[in-house]
Amino acid sequence: MAKSYEAIFENNKKWVASKIADNPEYFHELAKNQNPEYLYIGCSDSRVTAEDMIGAEPGEVFVHRNIANVINTLDMSSTAVIQYAVEHLKVKHIIVCGHYNCGGVKAAMTSQDLGLLNPWLRNIRDVYRLHQAEMDAIEDEAKRYDRLVELNVQEQCINVIKMACVQERYILEEFPVVHGWVFDMRTGKIIDLEIDFEKILKDIQKIYNLTDSDWVMSRKK
């Protein structure tokens, strides 16, 4: 175990050397500031890393991860990240990315007491409840798991859109736009669920409008 821990620092030295070899000013430039266009909200699963998956460099993606990529407005961690990314970093895109074979989603579909995980996984159980008819109609268990992963991403996207900071920034700047993705680790491919951001925004206006402005969906129209 000690050797595997020490290997981390050796790997870091090699990484630093490789970056400096390509660009002697790399770390000087990196330390100046960050200006990411993307906020990536994903699962904590160790097999799913945002930067590697999309080929991004440090400074290009602002990242938040938790179990099963849940956005709960009572969770100060995720809401603080979103507000900072939207108001201060002024990201152009917010990506909610789930992945097939998600342990959190599977756990939420099991009838067992998981202690402190219960209130967290209840968010995913609620997704099942909202889409119970569709879910129960899927006989194949693996396909049912996959579909719940997709529906969970969809509902978490809606939770992001409900936030006042997202609504207000979009009215002023026409960004950020919210996207829903699923990573298929069986193929390595990203699947865009093609969430209709503007339609969702219009549909939830009556209940979740947290702004004082009229809804301006596009200044160009």
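Could you check, for region 142-165, whether at least one of its residues is over 25 Å from residue 121 (Cα atoms) and modelled with pLDDT under 95? Please lay out each step first, then the result.
At the first step, the residues of region 142-165 found to be over 25 Å from residue 121 (Cα atoms) are 165.
Okay, now just the ones that are also modelled with pLDDT under 95, so 165.
Scanning region 142-165, I find at least one residue that is over 25 Å from residue 121 (Cα atoms) and modelled with pLDDT under 95, so the answer is yes.
Kindly establish whether residue 105 is in contact with a Lys or Arg (Cβ under 6 Å, 6 or more places away or on another chain) and not in a loop (DSSP other than H, G, I, E, B).
Details: in contact with a Lys or Arg (Cβ under 6 Å, 6 or more places away or on another chain): no; not in a loop (DSSP other than H, G, I, E, B): yes.
Against the criterion (in contact with a Lys or Arg (Cβ under 6 Å, 6 or more places away or on another chain) and not in a loop (DSSP other than H, G, I, E, B)), residue 105 does not qualify.
For residues that are in contact (Cβ under 8 Å) with a residue 24 or more places away in the chain and in a loop (DSSP other than H, G, I, E, B), scanning just region 79-102, find the one that is nearest to residue 66 (Cα to Cα). Spell out how you get there, then give the answer.
Let us first name the residues in region 79-102 that are in contact (Cβ under 8 Å) with a residue 24 or more places away in the chain, namely 79, 81-83, 85-87, 89-102.
Then drop every residue that is not in a loop (DSSP other than H, G, I, E, B), which leaves 89-92, 100-102.
Details: 89: 21, 90: 22, 91: 20, 92: 22, 100: 15, 101: 15, 102: 12 Å.
Only one residue fits best here, namely 102.
The values are calculated or read from the model by the stated rules, or taken from the named source; none is laboratory data. Quick caveat, the model's predicted, so the values are computed rather than measured. Neighbour counts run over all protein chains shown; Cβ positions are idealised from the backbone, glycine included.
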